[in-house]
Amino acid sequence: DRISELPEVLLVHILSSLRTKELIATSVLSKRWRYLWKMVPNLNFDCTTSMVSSEDVYRSLILHKAPFLESLSLNIEDTVLLILEYWLELVFRTMCVN
């Protein structure tokens, strides 16, 4: 397909506009896309729905390989606040810019 022929930098830029759940779902499109989501510098999690768990966020942060995070958005409920300290520790270890 023609989109897969685009340079990786452009694909990462396009993917950075997606929510993280949809971003990770693109990894099934082809072998080239399998790990591309890990290089996106913007992560956006919506944990207010049952479709995104704290384990999903934790796993995503562990697997994330971009040199730095430009932004991290967490939409969370009160029950998720207990594990927020672990997320923040991971973010600071990956040198979050914003």
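Any read-out appearing in this document is the output of simple, stated calculations on the displayed coordinates, not a laboratory observation. All of these numbers come straight from a predicted model, not from anything done at the bench. So basically every Cβ, Gly included, is an ideal-geometry build from the backbone, and we count neighbours across all protein chains shown.
The table for this structure:
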{"read-out": "Förster radius 22 Å - calculated FRET efficiency between Tyr35 and Ser4 (Cβ-Cβ, nearest 0.05)", "value": "0.95"}
{"read-out": "Additional length obtainable on full extension of the chain from Glu55 to Phe68, 0.36 nm per residue less Cα span", "value": "2.6 nm"}
{"read-out": "Of the trypsin sites (Lys or Arg not before Pro) in the range 30-67, those whose Cβ has at most 15 other Cβ within 10 Å and which sit in DSSP loop", "value": "Lys31, Arg32, Arg34, Lys65"}
